[in-house]
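Step one of this worksheet: look at the structure below.
The values are calculated or read from the model by the stated rules, or taken from the named source; none is laboratory data. Just so you know, these numbers come straight off a predicted model, no measurement behind them. A quick note on method: Cβ atoms are made from the backbone with ideal geometry, for glycine too, and the neighbour counts reach across all protein chains shown. Keep in mind that these areas ignore ligands, DNA and RNA; they rest on the heavy atoms of the full protein, side chains included. Shrake-Rupley method; radii C 1.70, N 1.55, O 1.52, S 1.80 Å.
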Amino acid sequence: MSKTLEASIDVDASPEQVWKIVSDLERMGEWSPQCKKMKIFGGEIRKGTTTVNVNRKGLLVWPTTAKVTVFEPNKAIAFRIVENHTIWSYTLTPNATGTTIVEKREAPTGTTAISGFLVKRVLGGTDQFDVELIDGMNKTLQRIKSESERVR
C-alpha cells in the first residue's frame, strides 16, 4: 500500500464554515464515495473520539473503527483506522478567496497484513485501489466544496 495519498481543493468559504462540515464526521457518508457511514461514540467529536464506520466498494461492504488523533478547530482533523493503521486527515488553510482543503491518507508504518491481503486479493491490487482512493478523495473534496459554498 502506498505511504501517502493526497488531494486538495480551493473553496470559496471561510475556514470556519468549511470546518463545520469537515468536522461533522457523521456526515462523511454524504461526501465520501467509499465511507458510507460514520457513527460517533461519546457524543461530541474531539481528540480521542471513537467511530464505527461502514465502507463500500461495489457489492463489498466492510466495517472499520477509528479514533480521532488530531482535532484543531478551523485547522485540522485526523483519524486513525484501527484495522489497517492508516491515518485520514483534513487540513484547512486560509487563502486569498477562502480556504484550501487538503485530504490525506497516510500509512507511515505501512498497513496490517490482513489489510494488504484484502487490497491485493479483493480490492483490485494496490495500484488500482490507490487510483480509486484518490478519485474518491477528489469527489469527497468536491462535495465538501459544494456544501461549504452553498451554506456560507
Quiz item: Taking only the alpha-carbon positions of the chain and ignoring solvent, what does the Debye formula give for the base-10 log of I(q)/I(0) at q = 0.18, 0.19 Å⁻¹?
Solution: -1.09, -1.21
Quiz item: At q = 0.23, 0.24, 0.29, 0.30 Å⁻¹, what base-10 log of I(q)/I(0) does the Debye formula yield for segment 14-64 when every alpha carbon is treated as an equal point scatterer in vacuo?
Solution: -0.87, -0.92, -1.10, -1.13
Exercise. Express the accessible area of segment 3-49 per residue in Å², computed with a 1.4 Å probe while the remaining protein chains stay in the model.
Key: 52
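Using a 1.4 Å probe on the protein chains only, how many percent of the accessible area of the chain belongs to carbon and sulfur?
54
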Practice problem: Starting from segment 19-100, pick out the GluC sites (Glu not before Pro) whose DSSP state is loop and whose Cβ has at most 14 other Cβ atoms within 10 Å. | Solution: Glu44
Quiz item: For Glu72, what accessible area in Å² do you get when you roll a 1.4 Å probe over the heavy atoms of the protein chains, rounding to the nearest 10?
Solution: 90
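Set the Förster radius R0 to 30 Å, insert the Cβ-Cβ distance between Lys3 and Lys36 as r into 1/(1 + (r/R0)^6), and round the FRET efficiency to 0.05. Could you put the intermediate results ahead of the total?
On the way: r = 26 Å, r/R0 = 0.86.
The computed FRET efficiency comes out at 0.70.
Taking Cα pairs under 8 Å and at least six residues apart, what relative contact order does the chain come out at, in percent?
32
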Quiz item: Taking the Cα centre of the chain as origin and charging only Cβ (+1 Lys, Arg; -1 Asp, Glu), how large is the dipole, in debye to the nearest 20?
Solution: 460
Exercise. Using the Karplus curve 6.51 cos²θ - 1.76 cosθ + 1.60 with θ = phi - 60°, work out ³J(HN,Hα) for each residue of segment 22-28 in order, rounded to whole Hz, and write x for Gly and Pro.
Key: 5, 7, 8, 4, 5, 8, 3
Quiz prompt | Cα→Cβ-extended label distance, 7 Å offset, between Gln142 and Leu60, nm | solution = 2.3
